[in-house]
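Just below is one structure, and these are the notes that go with it.
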Number of protein chains: 2
Amino acid sequence: MAKNVGILAVDIYFPPTFVQQEALEAHDGASKGKYTIGLGQDCMAFCTEVEDVISMSLTAVTSLLDKYNIDPKQIGRLEVGSETVIDKSKSIKTFLMQIFEKFGNTDIEGVDSTNACYGGTAALFNCVNWVESSSWDGRYGLVVCTDSAVYAEGPARPTGGAAAIAILVGPDAPIAFESKFRGSHMSHAYDFYKPNLASEYPVVDGKLSQTCYLMALDSCYKHFCAKYEKFEGKQFSISDAEYFVFHSPYNKLVQKSFARLVFNDFVRNASSIDETAKEKLALFSNLSGDESYQNRDLEKVSQQVAKPLYDAKVKPTTLIPKQVGNMYTASLYAAFASLLHSKHTELAGKRVTLFSYGSGLTATMFSLRLHEGQHPFSLSNIASVMNVAGKLKARHELPPEKFVDIMKLMEHRYGAKDFVTSKDCSLLAPGTYYLTEVDSLYRRFYAQKAVGNTVENGLLANGH
Amino acid sequence: MAKNVGILAVDIYFPPTFVQQEALEAHDGASKGKYTIGLGQDCMAFCTEVEDVISMSLTAVTSLLDKYNIDPKQIGRLEVGSETVIDKSKSIKTFLMQIFEKFGNTDIEGVDSTNACYGGTAALFNCVNWVESSSWDGRYGLVVCTDSAVYAEGPARPTGGAAAIAILVGPDAPIAFESKFRGSHMSHAYDFYKPNLASEYPVVDGKLSQTCYLMALDSCYKHFCAKYEKFEGKQFSISDAEYFVFHSPYNKLVQKSFARLVFNDFVRNASSIDETAKEKLALFSNLSGDESYQNRDLEKVSQQVAKPLYDAKVKPTTLIPKQVGNMYTASLYAAFASLLHSKHTELAGKRVTLFSYGSGLTATMFSLRLHEGQHPFSLSNIASVMNVAGKLKARHELPPEKFVDIMKLMEHRYGAKDFVTSKDCSLLAPGTYYLTEVDSLYRRFYAQKAVGNTVENGLLANGH
């Protein structure tokens, strides 16, 4: 069996267009700090009419192949995680096949995985399992998480965002899975769902969704700890991982989630909790599970107790989610990319614990072990290729009024046919794909913005 | 690594309500034989207002667990393949978690896999790979294919159907994967897709879809043969598998597909083609690929040449697809179930080759090796549990007028909220789940028809 299977390479793309949450607060007439402190968010990226989940994933995949110098024929599996449905039958993966067909490679397994923000994790697990299975043919796996998170006007609107991440999977990886340490919690819930098929917007019960998230976190942590103890013969505590990465719909929930793990460690009497913390949390030791999810004092005290550990173990994971917003399936991996960006070579030898959550609901806590790796698949090169700081710096801030106008246009465009876009790619970086047309049969056409003096690809034809 | 991983058990469910294709021909004013000979179909099953892909999958899963006496706690992975979207974010898998939560099992990996009729195959491959991977925890995998195929009035309408299949996956299986022999072909095409999000009906280009199917078949067979030759050191021909099972949107395409494999073997100068056949096919040896897909004479002659082999190697796989219709993701596995039904213990020691196709497009040819197995996971018990003949016999024929009325009602119900169904389960077998209500928040409620004198489960609550 292939050894140390995991993540060899990563690239991330997010739209260059964004609003400041502070400006959005003022525009929406929300109280000052509601989005920036209440949600903990700084900016929100969004697709304009020339971008969507297909164009973003075309951009992320071509960029990864190019920057790590991967021959498209060397991809043997390609899977997409997304909850942004453009077609109910035809997968996003088949759109991405255009990249590989040009090189004569059509023998690529994998389709799209779907359950809210969890689809990317499912796709990643599937790819890792494939490399470890007897059906592996020696080639790379490629996972793409791509989503555009948009909400109707109202309290959920500032929790949007958009991005695509491409992740190359194979053996001897600098970011290897510790697959034995894994705990899942899956259950039937209506916390966030998309039953209104004609609308891009979800139905959200924000309060329920937060409780579902924290309950799933508790359950996954319990299973995760049990597996760790089974295989390692000792108790797991938050001291046993250097960093914790969470699915990040908004930063405040990440703060609450880590505090919840600290509270779990307190209840489990784990070694990570010192005497001062024990004293502060003792007040809450008799709360029932349900009570503990609703108790504001516990929330406050546990966050206070967790603060130093949060700053050390979680804060380095928060840059992109705070700057870009919720990226649904890409959100967890954008948080992980933030960690790679901020710590890169320092991560060698370290364990990172990740928590993936998708409403509805599906959740898993899992573990990665990092090594520096060999160029081009090294932590330092991944950080360099992703160029997170450069991409953030090159963005264009748009005023809230413009954002609202674009959302209105996108509402009309969602599910529509027979239109051409502005084809305005002036704000996009060279090499970025963009939507040019949806014809009378709903067929979608994309082009790639020229790189330097050469026009790459030109128009991407449809499948005929 | 776990050995002989594959299919341990199968159960199939299809609605008890159907129309005769002959009656539908007359009702539609189509020429006599258009549906029965032209498409090769006998009957078409359909969901009434109390059934959908969720209820069918609840029925199939509970039936499988019950009939093979599987403890719900012994399921460690559950994946669904479907292209019938009821919610764009919340997976069908999360609805099925209701069955397992009752038993305290929420640690079950897996979500939904999506690409037209191929999602079930993706889910099956994922489950098999999981059992072979380092993340396997020793429990069973469970794959569910569930779809309702419905078309707008017009030529595609008689190619509908509906079913759910549940497949238990684990090591030491009577139906083991030969994973090294596998060829995929994936490409960007618009042959059949569902871009009109508010409608349940697809956009279909029937002629293009048939050509896409046959081109994908050629490509997969080429890859499959290359892998076989690489590992076995000899040429593969259709003589090397006892049976061939095809994705079956309608039987005529299955006839054409097998004839296409015979033509491939002729072109490859394979041992399966005798001198008489060679003479008959020689006329077509200089056709280009594109010409060969359109050539009616080749189609006719190759089907004629293939007939004796078709009767031996394919016909035993056609019962359920001809009687039930296109079941999308379940279609290939319903064809395989037909083979298990008709040949059961005779299949021990035999190789079966399967071809899975999903428009858009994704396709794979793969190989299974069968053994009698140990009760309850034996070929004879699987055939007995599925009770295909009994289920077909217990169905209720409805007149075309009634079918059309139900289609009209379902058009209004698709994506709708705030209604109760008739709750009429008089035509359903005991133990069948049915839809009772969709509330004002689109939340769906199901009940299970009583088995004997006991009411099992009663109403299934939503996730609150």
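The values are calculated or read from the model by the stated rules, or taken from the named source; none is laboratory data. Small disclaimer: the values here were computed from a predicted structure and weren't measured. Every residue, glycine among them, receives a Cβ derived from its backbone with ideal geometry; neighbour counts consider all protein chains shown. Just so you know, the surface numbers come from the protein's heavy atoms only, side chains and all, with ligands and any DNA or RNA stripped out. Shrake-Rupley method; radii C 1.70, N 1.55, O 1.52, S 1.80 Å.
Overview of results
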quantity: Meets criteria (touching an Asp or Glu at 6+ places or on another chain (Cβ under 6 Å) and touching a residue at least 12 places away in the same chain (Cβ under 8 Å)) for residue B:3; calculated: no
quantity: Any chance residue B:8 is open to solvent by less than 10 Å² (accessible area, probe 1.4 Å), assigned to a strand (DSSP E or B) and at negative phi; calculated: yes
quantity: Pair list, Cβ < 8 Å and 6+ apart or interchain, from the range B:262-284 residues that are over 18 Å from residue B:244 (Cβ atoms) to residues that are assigned to a loop (DSSP other than H, G, I, E, B); calculated: B:281/B:273; B:284/B:295
quantity: Listing of helices (runs of 4 or more DSSP H) fully contained in the range A:275-338 that carry 3 or more residues being open to solvent by 10 Å² or more (accessible area, probe 1.4 Å) and among the basic types (Lys, Arg); calculated: A:296-313
quantity: Enumeration of residues in the range A:98-109 that are surrounded by fewer than 24 Cβ atoms within 10 Å (Cβ to Cβ), facing chain B (nearest Cβ under 7 Å) and among the aliphatic types (A, V, I, L, M); calculated: none
quantity: Subset of the range A:177-193 that is farther than 23 Å from residue A:290 by Cβ and crowded, with 24+ Cβ neighbours inside 10 Å - its residue that is farthest from the other protein chains (Cβ to nearest Cβ); calculated: A:181
quantity: Flag for residue B:158 being over 21 Å from residue B:86 (Cβ atoms) and not aliphatic (A, V, I, L, M); calculated: yes
quantity: Some residue of the range B:110-130 being of a type in the set (Ser, Thr, Tyr), open to solvent by 10 Å² or more (accessible area, probe 1.4 Å) and more than 17 Å from the chain's Cα centre (by Cα); calculated: no
quantity: Counted residues, the range A:133-148 - those being part of a strand (DSSP E or B) and either over 18 Å from residue A:123 (Cβ atoms) or open to solvent by 10 Å² or more (accessible area, probe 1.4 Å) (or both); calculated: 2
quantity: Qualifying positions in the range A:221-248 - under 29 Å from residue A:300 (Cβ atoms) and within 13 Å of chain B (Cβ to nearest Cβ); calculated: A:221, A:222, A:223, A:224, A:225
quantity: Top-ranked residue in the range B:354-389 [being more than 21 Å from residue B:4 (Cα to Cα) and without any contact (Cβ under 8 Å) to a residue 60 or more places away in the chain; ranked as least open to solvent (accessible area, probe 1.4 Å)]; calculated: B:389
quantity: Options B:441, B:427: the member that is touching a His at 6+ places or on another chain (Cβ under 6 Å), assigned to a loop (DSSP other than H, G, I, E, B) and either within 14 Å of chain A (Cβ to nearest Cβ) or surrounded by 12 or more Cβ atoms within 10 Å (Cβ to Cβ) (or both); calculated: B:427
quantity: Some residue of the range A:94-110 being among the hydroxyl-bearing types (Ser, Thr, Tyr) and not in a strand (DSSP E or B); calculated: yes
quantity: Single unsatisfied condition, residue A:152 versus (1) buried (at least 20 other Cβ atoms within 10 Å of the Cβ); (2) in contact (Cβ under 8 Å) with a residue 12 or more places away in the chain; (3) part of a loop (DSSP other than H, G, I, E, B); calculated: (1)
quantity: Check on residue B:342, closer than 30 Å to residue B:85 by Cα and at pLDDT 95 or above; calculated: no
quantity: Count of the range A:44-93 residues which are closer than 30 Å to residue A:202 by Cβ, part of a helix (DSSP H, G or I) and open to solvent by less than 20 Å² (accessible area, probe 1.4 Å); calculated: 12
quantity: Single unsatisfied condition, residue B:21 versus (1) under 14 Å from residue B:327 (Cβ atoms); (2) open to solvent by less than 10 Å² (accessible area, probe 1.4 Å); calculated: (1)
quantity: Scan of the range B:339-384 for residues that are within 14 Å of chain A (Cβ to nearest Cβ), among the hydroxyl-bearing types (Ser, Thr, Tyr) and outside any strand (DSSP E or B), ordered by number; calculated: B:359
quantity: Given (1) buried (at least 23 other Cβ atoms within 10 Å of the Cβ); (2) closer than 21 Å to residue A:47 by Cα; (3) out of contact with any Asp or Glu (no Cβ under 8 Å at 6 or more places or on another chain); (4) β-branched (Val, Ile, Thr), index of the condition residue A:165 fails; calculated: (3)
quantity: Qualifying residue in the range B:162-169 (condition: more than 15 Å from the chain's Cα centre (by Cα) and either farther than 30 Å from residue B:369 by Cβ or within 14 Å of chain A (Cβ to nearest Cβ) (or both)); calculated: yes
quantity: Restricting the range B:390-420 to residues that are within 14 Å of another protein chain (Cβ to nearest Cβ) and of a type in the set (Phe, Trp, Tyr), the residue that is surrounded by the most Cβ atoms within 10 Å (Cβ to Cβ); calculated: B:414
quantity: Only one of B:255, B:235 that is surrounded by fewer than 22 Cβ atoms within 10 Å (Cβ to Cβ), among the polar types (S, T, N, Q) and under 28 Å from residue B:3 (Cβ atoms); calculated: B:235
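Matching residues to (1) within 13 Å of residue B:361 (Cα to Cα); (2) assigned to a helix (DSSP H, G or I); (3) touching a Ser or Thr at 6+ places or on another chain (Cβ under 7 Å); (4) touching a residue at least 40 places away in the same chain (Cβ under 8 Å):
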position: B:178; (1), (2), (3), (4): no, no, yes, yes
position: B:201; (1), (2), (3), (4): no, no, no, yes
position: B:209; (1), (2), (3), (4): yes, yes, yes, yes
position: B:218; (1), (2), (3), (4): no, yes, no, yes
position: B:223; (1), (2), (3), (4): no, yes, yes, yes
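Yes or no, residue by residue, for (1) acidic (Asp, Glu); (2) closer than 25 Å to residue B:356 by Cβ; (3) in contact (Cβ under 8 Å) with a residue 12 or more places away in the chain:
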{"position": "B:45", "(1), (2), (3)": "no, yes, yes"}
{"position": "B:56", "(1), (2), (3)": "no, yes, yes"}
{"position": "B:74", "(1), (2), (3)": "no, no, yes"}
{"position": "B:96", "(1), (2), (3)": "no, yes, yes"}
{"position": "B:101", "(1), (2), (3)": "yes, no, no"}
{"position": "B:107", "(1), (2), (3)": "yes, no, yes"}
{"position": "B:112", "(1), (2), (3)": "yes, yes, yes"}
